[in-house]
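Report on the structure given below.
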Amino acid sequence: MGRLQMLNRIVEGVFIGFMAINATVAQVNPDINLMARMVQAEAGNQIEDGQRLVIDCVLNRMESEYFPDTVSEVINAPGQFEVVANGAICKATPTDAVYELIRQERKERTNNEVIYFTAGGFNPSGEPWQKVGDHYFSTIRKDLKDD
């Protein structure tokens, strides 16, 4: 069983009745809590679709040969997420809605290709895809896909 499938099973099991056990989620699975804090810090003020795509960026990176394989390694990779560098991730308090979006995206992803997002314009390392809310989302560059 792959890491994403294992994480999906954990998420499914933990989120049964998640509204009542939000605090327990963080204790049971620190990766889910880390992802929720990152999403809250990066996109808590964005529309639901934008939050889903931020979640997808992490999940898609975990499946990409160009990025680490775990939630923690993806989120904490140097220079990848501003909220890690500026400490906002440590102060973020995820909402129940963010936890629910993570559960849903683990089950069925909105987008299987987005890898990057930025607030100031499309990431030059990626292929521009779409602007959603305040974020510009990009996929893997076509020249890397051909390898």
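Looking at 137, 81, 117, can you tell me which residue is in contact (Cβ under 8 Å) with a residue 24 or more places away in the chain, of a type outside the set (Val, Ile, Thr) and touching a Cys at 6+ places or on another chain (Cβ under 6 Å)? Steps first, answer last, please.
Numbers: 137 fails: touching a Cys at 6+ places or on another chain (Cβ under 6 Å); 81 fails: touching a Cys at 6+ places or on another chain (Cβ under 6 Å).
Checking each option against the conditions leaves just 117.
Can you tell me which residue within region 76-87, out of those that are touching a Lys or Arg at 6+ places or on another chain (Cβ under 9 Å) and within 17 Å of residue 43 (Cβ to Cβ), is modelled with the highest pLDDT?
Here is the first cut: in region 76-87, the residues touching a Lys or Arg at 6+ places or on another chain (Cβ under 9 Å) are 77, 80, 83.
Going one step further and asking which of them are within 17 Å of residue 43 (Cβ to Cβ), we end up with 80, 83.
Values: 80: 93, 83: 96.
Per the stated criteria, the residue is 83.
State which residue pairs qualify: first residue among the basic types (Lys, Arg) and inside region 91-108, second residue assigned to a loop (DSSP other than H, G, I, E, B) in any location, beta carbons under 6 Å apart, and separation of 6 or more residues or different chains. Hits for this filter: 103/15. Looking only at residues in region 46-66 that are touching a residue at least 12 places away in the same chain (Cβ under 8 Å) and outside any helix (DSSP H, G or I), the one that is surrounded by the fewest Cβ atoms within 10 Å (Cβ to Cβ) is 66.
Check region 67-75 and report whether any residue there is in contact (Cβ under 8 Å) with a residue 12 or more places away in the chain and more than 17 Å from residue 30 (Cβ to Cβ). Scanning region 67-75 turns up at least one residue that is in contact (Cβ under 8 Å) with a residue 12 or more places away in the chain and more than 17 Å from residue 30 (Cβ to Cβ).
Does residue 104 satisfy the criteria of being assigned to a helix (DSSP H, G or I), under 19 Å from residue 138 (Cα atoms) and modelled with pLDDT of 95 or more?
Working: assigned to a helix (DSSP H, G or I): yes; under 19 Å from residue 138 (Cα atoms): no; modelled with pLDDT of 95 or more: yes.
Taking the combined requirement at face value, the residue does not satisfy it.
Against the list (1) surrounded by 14 or more Cβ atoms within 10 Å (Cβ to Cβ); (2) within 16 Å of the chain's Cα centre (by Cα), the condition residue 126 fails is (2).
The values are calculated or read from the model by the stated rules, or taken from the named source; none is laboratory data. Only a predicted model underlies this, so the values are computations on that prediction, with no experimental measurement involved. Backbone-built Cβ (ideal geometry, glycine too); neighbour counts: all protein chains shown.
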